[in-house]
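**Student:** Below: one structure in structure tokens.
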Amino acid sequence: MLCFIYKSLKKDELYLYLDKRDDFSSVPEALYNSLGRLEFVMELQLSADRKLAREDVTRVMTSLETRGFFVQMPPLLTPPPLAVGYHQLH
């Protein structure tokens, strides 16, 4: 399955995958507007045996087949745990 990937210039590491190049008609208007300006990044051939860095390829392919698009959200950054010694808590 061929897909076309765009990055959001508004939000770092947010990507939109489409089943047709430059055809944003399947993306709901509110979602499309929230992405800001999009820049084409690459064309990619997806298959069940292909690995993606941060997404399950089957999930991406299913979304492309059923909805015509897939949104890859930026990774969640969790702050490191507080480095507080036991004696400081008592």
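Quick grid of which residues meet (1) out of contact with any helix residue (DSSP H, G or I) (no Cβ under 6 Å at 6 or more places or on another chain); (2) at pLDDT 95 or above:
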{"residue": "Arg37", "(1), (2)": "yes, yes"}
{"residue": "Arg50", "(1), (2)": "no, no"}
{"residue": "Ala53", "(1), (2)": "yes, no"}
{"residue": "Thr62", "(1), (2)": "yes, yes"}
{"residue": "Glu65", "(1), (2)": "yes, yes"}
{"residue": "Pro74", "(1), (2)": "yes, no"}
{"residue": "Ala83", "(1), (2)": "yes, no"}
{"residue": "His87", "(1), (2)": "yes, no"}
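**Student:** A further question follows. Being surrounded by 10 or more Cβ atoms within 10 Å (Cβ to Cβ) and part of a loop (DSSP other than H, G, I, E, B) is the filter here, so list the residues in region 8-21 that pass it.
**Tutor:** The answer is Leu9, Lys10, Lys11, Glu13, Leu14, Asp19, Lys20, Arg21.
**Student:** Within region 34-55, count every residue that is free of Cβ contacts under 8 Å to residues at least 24 places away in the same chain and closer than 15 Å to Ile5 by Cα.
**Tutor:** 4
**Student:** Take region 22-37 and flag every residue that is closer than 15 Å to Gly68 by Cβ and not in a loop (DSSP other than H, G, I, E, B).
**Tutor:** Hits for region 22-37 are Glu29, Leu31, Tyr32.
The values are calculated or read from the model by the stated rules, or taken from the named source; none is laboratory data. Computed from a prediction, not measured in an experiment: that's the story for all the values here. Using ideal geometry, Cβ is built from the backbone for each residue, glycine included, and neighbour counts are taken over all protein chains shown.
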